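Reading through the structure tokens given below for one structure.
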Amino acid sequence: MEILIRAAKVIDPSSPHHNSIKDILIQDGVITKIENQISFDGTVIEHENLMVSPGWFDMRAHFTDPGKEHKEDLESGSAAAATGGFTDVMLLPNTDPVTSNKNSISYYLKWNKGADVNLHPAAAITLGCQGKELTEMIDLHTAGAVAFTDGIEPIWHTDILLKSLQYLQTFDGVLINRPEDRMLTAFGTMHEGQVSTILGMKGMPELAEEVMIDRDLELLKYAGGKIHFSLISSAGAVERIRKAKAEGLNVTADVGVHHLIFTDENLMDYDTSFKVNPPFRSEKDRLALIEGLKDGAIDVIVSDHQPHDQESKQLEFDLADFGIIGLQTFYPALLSALGNKTEDCIERVTAAPRKILGIDQAYISEGGGSLTIFSPSVKWNYNGKTNKSKSVASPFFNQEMMGKVVGIVNNGRFISND
């Protein structure tokens, strides 16, 4: 099958075509020509302000499969990812059973054969993600795990984190931790601040995130290795990571796309669509996260896709589960947060995740075959008809969205969203 992407702006700093307007001919899922103008009589992809980049890579998503397929399964999660522009997704290990042995890794790798979206399983650092006993990380790495993390659970055990840093150096593995001191956030439901006081809800202080980062950085200095902080949310966290990088520590970090938009003030109506962990914090924190993206303190932007059924969200705020979905609305959310700076940050979902995980890069060049095609000028409605996820736990549900992914090219196929 041949398709032509007509007059698209190339967003790929590694490509000689970066920031230029090109016609791109795709044959059987592979780029065969990149020229200023190509004569073509077949299927043409054409939109106002069309752009094309290497395929997007989401470095944090939860498909709850196996174990809770009623919330999301590999098919629905992959469909949401493809529609959201992602050719690759790293999955968290918090399934049932936890991703902690060779069979659980092979479950995802077998799915990849013939799939539209490549799934990259992260393996648990500890058995059951309980933080007490280490998994067989070398075996898991050999089986195909791309990183090691307890996912939605922070690594609370200091000696476990220390030994993990040391152990992973034997094969240059990546340790991912979501920094949170659970003793400081116990019974908390939102950011600790003026809004939580007004609403009469127990807060989750920035301190809980920042003391964990301080601890991890000290252990990194002692043990060596590398660490990736996932879902940082506070100005203090950004500053700590910025300083650690300046000191030469091997540290990277990501931020959830929704944390670039929302603050604790969005919770004034007790809407559980805004209940996430880490919580949406103050406007000062939100601006600090955006600044961290601009100056390189933050390396990656993630969807933090966490699907929930209605029974888990349509409850009193303090009883509802943490987490919202974000794959399908990732681009409109990013566009809303960054505006005309969005193009400058596309590398945070293309090259940066692949570099951190040690995965081959995708390029806009002849012979390339992993692309995301999108336009900031196309409007669409996000509702029950267009939603691909099994979950509707999104603050954007039943809203008009600005910015659309037109389609992806991956694994020899073009997947259209038109």
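The values are calculated or read from the model by the stated rules, or taken from the named source; none is laboratory data. The structure displayed is predicted, hence computed values, not measured ones. Cβ coordinates were reconstructed from backbone atoms using ideal geometry, including for glycine residues, and neighbour counts include every protein chain displayed. Heads up: the accessible areas ignore ligands, DNA and RNA and are worked out on the full protein's heavy atoms, side chains in. Shrake-Rupley method; radii C 1.70, N 1.55, O 1.52, S 1.80 Å.
Brief remarks follow.
- Rounded to the nearest 20, the size of the Cβ-charge dipole of segment 204-268 about its Cα centre is 380 debye, with Lys and Arg at +1 and Asp and Glu at -1.
- The chain: most fluctuating residue of ILE38, ILE261, ILE198 per GNM, C-alpha cutoff 10 Å: ILE198
- The stretch between GLN130 and ASP344, if pulled fully straight at 0.36 nm per residue, gains 73.2 nm over its current Cα-Cα span.
- Candidates GLY42, GLY339, GLY368, ranked by Gaussian network fluctuation over the chain, Cα under 10 Å, top entry: GLY42
- Under the convention that each Lys and Arg Cβ holds +1 and each Asp and Glu Cβ holds -1, the size of the dipole of the chain around its Cα centre is about 420 debye.
- The protection proxy used here, the mean number of other Cβ atoms lying within 10 Å of each residue, ranks peptides 351-357, 64-70 as follows, highest first: 351-357, 64-70.
- Per residue, the convex hull spanned by the Cα atoms of the chain measures out at 128 cubic angstrom.
- Diffusion constant of segment 262-362 at 20 °C, which comes from Stokes-Einstein with the Kirkwood Cα-pair radius and 1.002 mPa s, µm²/s: 141 µm²/s
- With the convex hull constructed from alpha-carbon coordinates only, segment 49-94 shows a mean projected area of 3.6 nm² over all directions.
- Cβ-Cβ FRET estimate between GLU291 and PHE171, R0 fixed at 30 Å, reported to 0.05: 0.30
- With all pairs of separate Cα atoms included, segment 1-102 yields a Kirkwood hydrodynamic radius of 16.0 Å.
- Taken per residue, the accessible surface of the chain reaches 40 Å², heavy atoms only and a 1.4 Å probe.
- Extension gain from ILE198 to LYS163, taking 0.36 nm per residue of separation minus the Cα-Cα distance: 8.3 nm
- Surface accessible to a 1.4 Å probe, CYS345 within the full protein complex, Å²: 10 Å²
- Sites LEU319 and ASN266 - FRET efficiency at Förster radius 22 Å, r taken between beta-carbons, to 0.05: 0.70
- Share of carbon and sulfur in the accessible heavy-atom surface of segment 186-272 [1.4 Å probe, %]: 51 percent
- Cα-centre dipole for segment 79-133 with unit charges at Cβ (Lys and Arg positive, Asp and Glu negative), debye to 20: 160 debye
- Projecting the Cα atoms of THR252, TYR270, ALA237 onto the dipole axis of segment 211-291, where Lys and Arg carry +1 and Asp and Glu carry -1 at the beta carbon, places THR252 farthest toward the positive end.
- Loop trypsin sites (Lys or Arg not before Pro), segment 365-409 (other Cβ atoms within 10 Å of the site Cβ: 11 or fewer; DSSP): LYS385
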